[in-house]
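Asks: Quick one: the structure is below, and I'll ask about it shortly.
The values are calculated or read from the model by the stated rules, or taken from the named source; none is laboratory data. For clarity, every value in this text was computed on a predicted model and none was experimentally measured. All Cβ positions, glycine included, derive from the backbone under ideal geometry; neighbour counts span all protein chains shown.
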Amino acid sequence: MPYTYRSRVIAHRGGGTLAPENTLAGLRYAHQCGFAAVEFDVMLARHDVPVLMHDDTLERTTNGHGALPEASAAELGQLDAGSWRDARFAGEPVPSLAAAADLCVALDLFANVEIKPWAPGGDALAALTGRVVAADCARLWRAAPTRVLLSSFEPAALGAARQSAPQLARAALFDEVPANWRAQLELHACVALHCNAKRLDAATTRAIKSAGYGLMCWTVNDPVRAAELFDWGVDAVCTDRLDLFAAMA
Ligand code: G3P
Ligand code: MG
């Protein structure tokens, strides 16, 4: 049975670029725009606590410094992860996965949780991140397990996620779809493939869809381009421009 997405449009990093990425404010913004689905990135903070963060270091999106795993979830909850985007988001903290999941459930937002292992940690940390994040998601979405989709660029994270929460759907992420995409999806029983829209073509789209997999691509900020991708057969697009895509949400 082919994987079915909750919505054709998914808010990238929570609220796209019109709210601070990977924050609760971003999730609320997506909901206000009428979005039913969000994507966000999850990494392990100190003591292996999952938090929402894209980068390996804190500097770009917060007023903190240093490597993400050196900070505790409590310390991250005191940082300002909003001002870099806009002064009206000043004081918006780095949220825990638990807080984000609670908000998604409360707002009835479908969540694509991207497992984003801290890159310098290599395969061992990727596996730990996959195991911990998947187990947390299974607990946090226990009443509605189909409302969450796990994804990762890291095969070690997908394999560990499968072991710790086999009941949750998984997607493999690729910047460019590799020639052996089918074998890679089968390796960890993924139900979907997510890829960079810039490197996708119509023939590859047809092959993935004919094989029965879900297909989402990022980051699509032009509704005309989205219409072309949907025409090819792409199931869903991840966008930063919630304002332009609100009508499709
Ligand atoms: O999950 C799709 C997309 O978010 C992957 O790229 O770097 O924005 O996490 P990135
Ligand atoms: Mg992401």
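Asks: Filter segment 47-61 down to the residues that are closer than 22 Å to S83 by Cα and either aromatic (F, W, Y) or touching a strand residue (DSSP E or B) at 6+ places or on another chain (Cβ under 9 Å) (or both) and list them by number. Talk me through it step by step, then tell me what you get.
Replies: Start the filter on segment 47-61 by keeping residues that are closer than 22 Å to S83 by Cα, which leaves 51-61.
Within segment 47-61, V51, L52, M53, H54, D55, D56, T57, L58 qualify.
Asks: Test of understanding: among T129, T62, which residue is among the hydroxyl-bearing types (S, T, Y) and farther than 28 Å from R162 by Cα? Before the answer, list the steps.
Replies: Working: T129 fails: farther than 28 Å from R162 by Cα.
Step by step, each of T129, T62 is checked, and only T62 is among the hydroxyl-bearing types (S, T, Y) and farther than 28 Å from R162 by Cα.
Asks: Please determine, by comparing only the residues of segment 37-57 that are aliphatic (A, V, I, L, M) and assigned to a loop (DSSP other than H, G, I, E, B), which one is nearest to ligand 1 (Cβ to nearest atom).
Replies: Kept after step one, since they are aliphatic (A, V, I, L, M), are these residues of segment 37-57: 37-38, 42-45, 49, 51-53.
Filter again for assigned to a loop (DSSP other than H, G, I, E, B), leaving 45, 49, 53.
Details: A45: 17, V49: 20, M53: 10 Å.
So the residue we want is M53.
Asks: Looking at A100, A183, can you tell me which residue is within 16 Å of ligand 2 (Cβ to nearest atom), in a helix (DSSP H, G or I) and either modelled with pLDDT of 95 or more or in contact with an Asp or Glu (Cβ under 6 Å, 6 or more places away or on another chain) (or both)? Before the answer, list the steps.
Replies: Details: A183 fails: within 16 Å of ligand 2 (Cβ to nearest atom).
The match here is A100.
Asks: Right, next: Out of the residues in segment 183-220 that are among the small types (G, A, S) and touching a residue at least 40 places away in the same chain (Cβ under 8 Å), which is farthest from I10 (Cα to Cα)? Step through it out loud before you land on a result.
Replies: Initial filter on segment 183-220 (among the small types (G, A, S)): 183, 189, 192, 197, 202-203, 207, 210-212, 214.
Imposing the further condition that a residue be touching a residue at least 40 places away in the same chain (Cβ under 8 Å) reduces the set to 192, 197, 212, 214.
On the way: A192: 15, A197: 14, G212: 20, G214: 14 Å.
Applying the filter and picking the extreme gives G212.
Asks: Taking E114 as the residue in question, decide whether it is assigned to a strand (DSSP E or B) and of a type in the set (D, E, K, R).
Replies: Values: assigned to a strand (DSSP E or B): yes; of a type in the set (D, E, K, R): yes.
Yes, satisfied.
Asks: While we're on this one: Taking segment 58-77, which residues are under 18 Å from P117 (Cα atoms), in a helix (DSSP H, G or I) and among the small types (G, A, S)? Break it down stepwise before answering.
Replies: Going residue by residue through segment 58-77, those that are under 18 Å from P117 (Cα atoms) are 58-61, 66-73, 76.
Then keep just the ones that are in a helix (DSSP H, G or I); that gives 68-70, 73, 76.
Hit for segment 58-77 is A73, nothing else.
Asks: Then there is this: Which pairs turn up if I take residues in segment 131-158 that are basic (K, R) and look for partners that are within 16 Å of ligand 2 (Cβ to nearest atom) and not in a helix (DSSP H, G or I) with beta carbon separation below 9 Å, at least 6 apart in sequence or on another chain?
Replies: Partner pairs satisfying both residue conditions: R147/L109; R147/F110; R147/A111.
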